[in-house]
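S.K.: Structure provided below as structure tokens; questions to follow.
The values are calculated or read from the model by the stated rules, or taken from the named source; none is laboratory data. Note that this is a predicted model, so its numbers are computed, not measured. Every residue, glycine among them, receives a Cβ derived from its backbone with ideal geometry; neighbour counts consider all protein chains shown.
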Amino acid sequence: MPARLLPADFDVSTLPDSERALVEALRAELDEEWTLVPRVVVAAPGKDGEIDLVAVSRTRGAILFEVKGGAVSLQQGRWLQNGRALDKSPVDQVVAAKHALVRRMRAMGVPLQGFFLLHAVCFPDVEDVPDEGLGPGCPARIVFTARALQWPKQAVWALADRPHAPVSDDELQRFLRALCPDVPAGAVASSYFASTEEQMHRATRDMLLVAKGADVNQRLLLTGGPGSGKTAVVRAWVEQAIARGERVAVMCFNKPVSTWLASKAADGAAYVGTFHELLTKLAAPLGQAVPSSPTPAWFADELPAFVAAHLHAIEQRFDTVIVDEGQDFLPHWLALLQSSLDERGPRRLLVAADPGQAINVERWQPPPDMMRLHLPVNLRNSRSIAAFARRFGGGEPYLHNVIGEPPAFVVANGRNERLKRVRGAVQEALAAGVPPAKILVVGVDHETAAELRGLPVERDSGFDPVRLVSWDERDEDSVVCESVRRAKGLEASAVVFVCRDAAPDPRRFGVGVSRARVRLCVIGPAALGETLGLSPAARPSAAAAPDGA
């Protein structure tokens, strides 16, 4: 989606050609994180002034533009427009307007801490300026020329090159309302989490086109760290195989992930479930029922061995088998799935895996003789979270994702303190506009998750409290609380990750923290924060973000 105008019904055609050129260029190239406010009137000493355009971003601050059309030049210290001397330089004009705007914001109680105010001039009829700019007060990076308007996003990023932690919904709305006091509050409101995630989803779609088309191979292993887009590729493979009219089986080890995949597949067009659900279904007509107290060995070895021995008597065959979270599959499970392919079909076995998340299979080895494709970039997480998760095996942060909030660490040294801190972290996410269904609480183990389930979290809005529930009990008005093992493969806008010890298993820790797309809060004993290098504080500043953010 393009950058939005405020007011939304502003008629761009009423602007002079020079100002319209700037607005249209920015609107076409910037995304919906940006709000463009034309014609902002400010009270300057002696008379009212006007800022031709203010471009506002949660993470890059606000850019104030002074626009001059025609032939603009600086000759012997004098600014000329179409050969006529200007009373005041364009740079001085926009700087004075910026100071006036700061005074207005302070008078209205609008917080500006951590919110950068930048200024620029735009000369859309000037082809370019020298690398050294136009004098000491006008470096080239603040001058938007005709050339810059051909690539306005790069020009904006070169100017606003110090992104900061995102301001809150409330702070952004107060700033925009101060720019447009006559615009109704409802027209100003927007959701940071919704717009940020849509931006990140678009990036995922663009980056995964090659991987999505790799399903033409018969045996393919797709690898990547947490958030690299493996499950998004799996979903595309499923849709493409169904479109080709193939008999498709989609499975993974994790029940929540298989449930999610089933909701994305066309009704009845593919078998979607866990590996053991499929085997139980295939074995039942042959008289093999699940024991009343099945052991892990029965699921791991005895049931697969029974199905393999009776495969000749099983009519169900598939053209394509797609496996998500393949690192949770034992070698003989994958061999059995290969055997379930119909000899007369395309016989595709497509596996997505992250060897670094092999917490169910020790020393997992990829299947032999498979073509391999690796996804090196973390597309799921904001850059701050991705930089943190990378310490535990995650991929490279994607440079076009938002920086986002740095991970927060909250000290909790005992059970009662843990419950209190988890409640507070969930309340903070709710207050920031994250819906309950997009918040995930992850315990480092089953015992931690069980301790937290049932915890009520009060809301400021007057609605009934939300509760922490298991995946199986989830609804739109509850917060899912699961262990790392059960949460693997899930993701959420905001994640609260809870540890009870100071030295958790790095693989489990990496899986847990990488569930968070935009907001991450880690809760644990003080010694854990020392281990991680995180200071227990209210959400730290952008300067405290991990290296690489």
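S.K.: Could you please find all residues in the range 11-38 being within 15 Å of F65 (Cβ to Cβ) and not in a helix (DSSP H, G or I)?
M.R.: Result: L15, P16, L30, W34, T35, L36, V37, P38.
S.K.: Tell me which residues, restricted to the range 455-478, are closer than 15 Å to R421 by Cα and either assigned to a helix (DSSP H, G or I) or in contact (Cβ under 8 Å) with a residue 40 or more places away in the chain (or both).
M.R.: The answer is L468, and nothing else.
S.K.: Here is a further query. When you scan the range 318-327, do you find a residue that is more than 19 Å from G225 (Cβ to Cβ), in contact with a Pro (Cβ under 7 Å, 6 or more places away or on another chain) and surrounded by 14 or more Cβ atoms within 10 Å (Cβ to Cβ), even just one?
M.R.: yes
S.K.: Can you pull out every residue in the range 410-427 that is under 20 Å from the mean Cα position of the chain (by Cα) and within 18 Å of G529 (Cβ to Cβ)?
M.R.: A425
S.K.: Additional query: Kindly indicate the residue of the range 410-458 that is touching a helix residue (DSSP H, G or I) at 6+ places or on another chain (Cβ under 6 Å) and among the small types (G, A, S) and also nearest to V469 (Cα to Cα) among those meeting that condition.
M.R.: G443
S.K.: Out of the range 429-454, which residues are over 17 Å from the mean Cα position of the chain (by Cα), part of a helix (DSSP H, G or I) and within 22 Å of P525 (Cα to Cα)?
M.R.: Correct list: H446, E447, T448, A449, A450, E451, L452.
S.K.: Okay, next question. Given the structure, is A232 under 23 Å from R474 (Cα atoms), modelled with pLDDT of 80 or more, under 33 Å from the mean Cα position of the chain (by Cα) and in a helix (DSSP H, G or I)? Before the answer, list the steps.
M.R.: Numbers: under 23 Å from R474 (Cα atoms): yes; modelled with pLDDT of 80 or more: yes; under 33 Å from the mean Cα position of the chain (by Cα): yes; in a helix (DSSP H, G or I): yes.
Yes: the conditions hold for A232.
S.K.: Follow-up question, since we're still on this one. May I ask you to list the residues in the range 519-549 that are modelled with pLDDT of 90 or more and not charged (D, E, K, R)?
M.R.: Hits for the range 519-549 are L520, C521, V522, I523, G524, P525, A526, A527, L528.
S.K.: Something else: Out of all the residues in the range 493-508, which are surrounded by fewer than 24 Cβ atoms within 10 Å (Cβ to Cβ) and either under 22 Å from the mean Cα position of the chain (by Cα) or assigned to a strand (DSSP E or B) (or both)?
M.R.: Result: S493, R507, R508.
S.K.: Separate question: I'd like the full set of residues that are under 22 Å from L334 (Cβ atoms), of a type in the set (A, V, I, L, M) and assigned to a helix (DSSP H, G or I), limited to the range 203-229.
M.R.: Listed by number, the residues that qualify are A211, A214, V216.
S.K.: Which residue is farthest from R39 (Cα to Cα), if the candidates are limited to the range 56-76 and must be touching a His at 6+ places or on another chain (Cβ under 9 Å) and in a strand (DSSP E or B)?
M.R.: So the residue we want is G61.
S.K.: Of all the residues that make up the range 273-331, how many are in contact (Cβ under 8 Å) with a residue 24 or more places away in the chain, among the β-branched types (V, I, T) and not in a helix (DSSP H, G or I)?
M.R.: 5
S.K.: Next question, about the same structure. Looking at S493, S478, can you tell me which residue is among the polar types (S, T, N, Q), farther than 15 Å from G529 by Cα and in contact with a Phe, Trp or Tyr (Cβ under 6 Å, 6 or more places away or on another chain)?
M.R.: Matching residue, one of S493, S478: S493.
S.K.: Taking the range 126-146 as the region of interest, how many residues are surrounded by fewer than 17 Cβ atoms within 10 Å (Cβ to Cβ) and either part of a loop (DSSP other than H, G, I, E, B) or in contact (Cβ under 8 Å) with a residue 60 or more places away in the chain (or both)?
M.R.: 11
S.K.: In the range 157-182, how many are touching a Phe, Trp or Tyr at 6+ places or on another chain (Cβ under 8 Å) and surrounded by 19 or more Cβ atoms within 10 Å (Cβ to Cβ)? Give the derivation first.
M.R.: To start, the set of residues in the range 157-182 that are touching a Phe, Trp or Tyr at 6+ places or on another chain (Cβ under 8 Å) comprises 160, 162, 164, 166-169, 171-172, 175.
This time we only want the ones that are surrounded by 19 or more Cβ atoms within 10 Å (Cβ to Cβ), so: 160, 164, 166-167, 172, 175.
Residues meeting the conditions: 6.
S.K.: Of the residues F144, F116, which single one is within 24 Å of the chain's Cα centre (by Cα), among the aromatic types (F, W, Y), within 18 Å of R60 (Cα to Cα) and at pLDDT 85 or above?
M.R.: Values: F144 fails: within 24 Å of the chain's Cα centre (by Cα).
Being within 24 Å of the chain's Cα centre (by Cα), among the aromatic types (F, W, Y), within 18 Å of R60 (Cα to Cα) and at pLDDT 85 or above holds for just one of F144, F116, which is F116.
S.K.: Condition first: without any contact (Cβ under 8 Å) to a residue 40 or more places away in the chain, over 20 Å from T145 (Cβ atoms) and of a type outside the set (D, E, K, R). Can you find one or more residues in the range 72-80 that meet it?
M.R.: yes
S.K.: Select, from D161, D170, the only residue that is at pLDDT 65 or above and closer than 24 Å to S493 by Cα.
M.R.: Answer to the selection: D170.
S.K.: Within the range 469-491, track down each residue that is under 13 Å from L430 (Cα atoms) and surrounded by 24 or more Cβ atoms within 10 Å (Cβ to Cβ).
M.R.: Of everything in the range 469-491, just one residue is under 13 Å from L430 (Cα atoms) and surrounded by 24 or more Cβ atoms within 10 Å (Cβ to Cβ), namely V479.
S.K.: Restricting to the range 316-349, count the residues that are within 16 Å of V272 (Cα to Cα) and in contact with an Asp or Glu (Cβ under 6 Å, 6 or more places away or on another chain).
M.R.: Residues meeting the conditions: 3.
S.K.: Is it true that some residue in the range 105-112 is of a type outside the set (V, I, T) and under 27 Å from N82 (Cβ atoms)? Explain how you work it out, then say what you get.
M.R.: Looking only at the range 105-112, we keep the residues that are of a type outside the set (V, I, T), and these are 105-109, 111-112.
Retained after the next criterion (residues that are under 27 Å from N82 (Cβ atoms)): none.
The answer is no, given that none of the residues of the range 105-112 is of a type outside the set (V, I, T) and under 27 Å from N82 (Cβ atoms).
S.K.: Do you know which of the residues in the range 119-141 that are under 30 Å from Q173 (Cβ atoms) and aliphatic (A, V, I, L, M) is farthest from the chain's Cα centre (by Cα)?
M.R.: Filtering the range 119-141 down to residues under 30 Å from Q173 (Cβ atoms) leaves 119-122, 141.
Next, from what is left, pick out any that are aliphatic (A, V, I, L, M): 120-121.
Numbers: A120: 30, V121: 33 Å.
Only one residue fits best here, namely V121.
S.K.: State all residues of the range 79-116 that are of a type in the set (A, V, I, L, M) and either closer than 21 Å to A140 by Cβ or surrounded by 15 or more Cβ atoms within 10 Å (Cβ to Cβ) (or both); if no residue qualifies, say none.
M.R.: Scanning the range 79-116 gives L80, L86, V91, V94, V95, A96, A97, A100, L101, M105, V110, L112.
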